[in-house]
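Below: one structure, written as structure tokens.
No value in this document is a laboratory result; all are computed from the given coordinates. Note that the coordinates shown come from a computational prediction; the quantities given were computed from them, not determined experimentally. Please note: Cβ atoms are built from the backbone with ideal geometry, for glycine as well, and neighbour counts cover all protein chains shown.
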Amino acid sequence: MSLRLRTLSVNPTSPANPENDTAGKQTRFDLGNGSEVLYVPRFLPSDKSWELFDYLDSHIPWTRPTIRVFGRSCVQPRDTCYVASAGLPDLVYSGYSPRAYLWDEFPPLKEILEMVHKALPGNRFNSLLLNRYKGGNDYVGWHSDDEKLYGSAPEIASVSFGCEREFFLKKKPSKISHAVRTDGEPASKRARKNTDSDQRSFMLKHGSMLVMRGYTQRDWIHSVPKRAKVEAVRINLTFRHVLS
Ligand SMILES: O=C(O)CCC(=O)C(=O)O
Ligand SMILES: [Mn+2]
């Protein structure tokens, strides 16, 4: 763990001045009803991001756990690792509770965390879920990070390294209450149909940061689908705040 990172000059993304220069360029996407995504394509410089990619690829204790999806056991279709501050409640997802490594074990992660905090003032991220997609067969299916331990409107910062992959967001179908009688249409047909504005896609670049905030976890789901032609490795870090 000897790699030291030079201090990076990441331009904080000021809401009042969203497009001040290339490195600081950010785009805000209002998803409606209090959900918002922020995308910073060049959050970290490319050469520094490759240095970090190499470090993460070789130093993180990656595992590929067995999880439960719709009542069936399966091997998670990507490698993972979890880092969290001491004393936080355990993370459990898909019937799996990852071991929590400590930040001090991976100094470069603490430096990335610092840069994320600088760019997103007001946040105190204390946990990090890492994913490694070894090629186009690795993916993450549709889900939202709406576990109770993150609270009702969590801000999640996602930093990507290596191979560009598509990230999709899709609005959860909003059902009309069963208590309200409408036109007698069967309940299964009463879910509002999705329109173009209910879906977004982002090609997540090497060194980029995407932030989901507001009610994005409550009202939207996201995924990184399989891609037949992709062979290269992608590493993604999602910084989160666990309530204690
Ligand atoms: O790899 C990504 O961009 C997303 C990962 C993700 O959604 C998750 O770990 O919850
Ligand atoms: Mn997620």
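Full extension of the chain between F168 and K48 yields a length gain of 40.6 nm, computed as 0.36 nm times the residue separation minus the alpha carbon distance.
Treat each spin label as a single point 7 Å out from the Cα along the C-beta direction, and report the A228 to N33 distance in nm. Taking the simple label geometry, A228 and N33 are separated by 3.5 nm. Listed by Cβ neighbour count within 10 Å, with the fewest neighbours leading, K171, K25 appear as K25, K171. In the structure shown, the pairs K148/K172; K134/K172; K48/K110; K205/K226; K134/K226 are assessed against 20 Å; a Cα-Cα span above that value is assigned to K134/K172.
Normalised by residue count, the stretch 69-123 yields a Cα convex hull volume of 132 Å³ per residue.
Computed from phi, the 3J(HN,Hα) profile of the stretch 41-51 under the Karplus parametrisation 6.51, -1.76, 1.60 (θ = phi - 60°) reads x, 10, 5, 10, x, 4, 5, 5, 5, 5, 4 Hz, with x in place of Gly and Pro. Plainly put, the stretch 33-135 has a radius of gyration that is 0.99 times its Kirkwood radius, both from alpha-carbon atoms, as the Rg/Rh ratio. Using θ = phi - 60° in the Karplus curve 6.51 cos²θ - 1.76 cosθ + 1.60, the 3J(HN,Hα) couplings for the stretch 28-33 round to 9, 10, 7, 8, x, 6 Hz; x is entered for Gly and Pro.
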